[in-house]
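Input: a single structure, listed below in structure tokens.
The values are calculated or read from the model by the stated rules, or taken from the named source; none is laboratory data. Quantities reported herein were computed from a predicted structural model and do not represent experimental measurements. Quick reminder, even Gly has a Cβ in these numbers, built from the backbone with ideal geometry, and neighbours come from all protein chains shown. Just the protein is used for accessible areas: all its heavy atoms, side chains included, with ligands, DNA and RNA removed. Shrake-Rupley method; radii C 1.70, N 1.55, O 1.52, S 1.80 Å.
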Amino acid sequence: MMAKTAPTTNKTMSQLPDITAENQTELEELALTLDAFQGQFLLVFARCNYDRVRSRLIQCLQDSSPMEIRTVTLNPDDTALYQRIQRELQGDKPGALMVLGLESLLSLERMLAGADLVREEFRQHCPFPVVVWVTDSVKAQWMQFARNLESWGVSSQFTISRGELAALFTLLGICQEQQGDISAAIHYFEQALVGWQELQRFEYQGIVLREIIYGYFCPINRIQPATIPSDEYNQIQQKLKDYIQQALTAFNRAQRRDLIADSIGVFGAVLRELQDWQQLQELAEQALAFDQGENRRDKLALDYTFLADVALAEERWQDAKELAETALSG
């Protein structure tokens, strides 16, 4: 493989997008370290727990470095690190080497123990820095099964931004929700909520709150109040009311009337279950006004249905009949 030349884009590392200031500083220090150890063996542990962040960092480092940085991605069934590197390079001596895929190995302990036994081979026959990308879990196993080789290494720590972290817990919550693990979903959503609150991203606060409300409402909707202690049921009811108010406040602060209208299915069902007819009426009227203004005809039936529920609860029989008929007429 031909030596890599300096990038022609004139894009410095500090100008690249999607890299946090902390990671940018750490990446610049890593680049300086690789340059300083040209022609020498150096083991570097690049610690990063997030695939998306790691991919951006690797691309940034490769694009901004004038040296040739080779990459070896281990296969799950690999068991010998040194031999795999030598087989991949076939005698080449790159400026630096990056090793990926340790977290996917089927026999990580075996590979690490074997690498520790042949650690002198790395120093004698790898005259270039070797950057091993590891998660915290993999790094801990290096310390356990390849203690001697690990002691030769230096570390760079890369983190995730608060926004990315909040988005990732949100995503994990949705995945758990889809798999039916409502308790785990609520756990992730509540962690994500803290992140969105710190970032003052009001629309995402409201969306996550809506998912939390749905998660809490599911078990209530499946069981009868008589089957759980009344004080516990009352606490859940109050929590749901508080979360609905917080979500509506967040959507209003974000000036997202559309998200309020889109939430009528979840919020309306909860308020109907809790028999909070006043708030249900206010919410349904707000959603109806938005849906009529935006000509969202497919949404109107649900708005009218909740208004009919309120009229029925208040024994406004004629109003309930007319609203129900309007909902059915579509």
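Values as computed for the structure displayed
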item	result
Number of the condition not met by Q255 [criteria: (1) touching a residue at least 24 places away in the same chain (Cβ under 8 Å); (2) closer than 30 Å to E190 by Cβ; (3) open to solvent by 90 Å² or more (accessible area, probe 1.4 Å)]	(1)
Yes/no for R56 being at pLDDT below 90, more than 20 Å from D92 (Cβ to Cβ) and open to solvent by 70 Å² or more (accessible area, probe 1.4 Å)	no
Any hit, segment 259-267, residues being within 21 Å of E322 (Cβ to Cβ) and either assigned to a helix (DSSP H, G or I) or free of Cβ contacts under 8 Å to residues at least 24 places away in the same chain (or both)	yes
Conditions (1) outside any helix (DSSP H, G or I); (2) in contact with a Gly (Cβ under 9 Å, 6 or more places away or on another chain); (3) of a type outside the set (G, A, S): number failed by D298	(1)
Number of the exception - E120 against (1) open to solvent by less than 10 Å² (accessible area, probe 1.4 Å); (2) without any contact (Cβ under 8 Å) to a residue 12 or more places away in the chain	(1)
Members of segment 70-96 that are closer than 15 Å to W142 by Cβ and not in a helix (DSSP H, G or I)	L74
Segments classed as helices (runs of 4 or more DSSP H), wholly inside segment 97-189, with at least 1 members that are among the hydrophobic types (A, V, I, L, M, F, W, C) and at pLDDT 90 or above	108-117, 119-125, 136-145, 147-150
Which listed residue, of D309, D319, D303, is among the charged types (D, E, K, R), surrounded by 14 or more Cβ atoms within 10 Å (Cβ to Cβ) and over 17 Å from V266 (Cβ atoms)	D319
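Here's the yes/no breakdown for (1) open to solvent by less than 20 Å² (accessible area, probe 1.4 Å); (2) small (G, A, S); (3) more than 26 Å from A31 (Cβ to Cβ); (4) under 35 Å from the mean Cα position of the chain (by Cα):
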| residue | (1), (2), (3), (4) |
| --- | --- |
| D78 | yes, no, yes, yes |
| R84 | no, no, no, yes |
| R87 | no, no, yes, no |
| K93 | no, no, no, no |
| L106 | no, no, yes, yes |
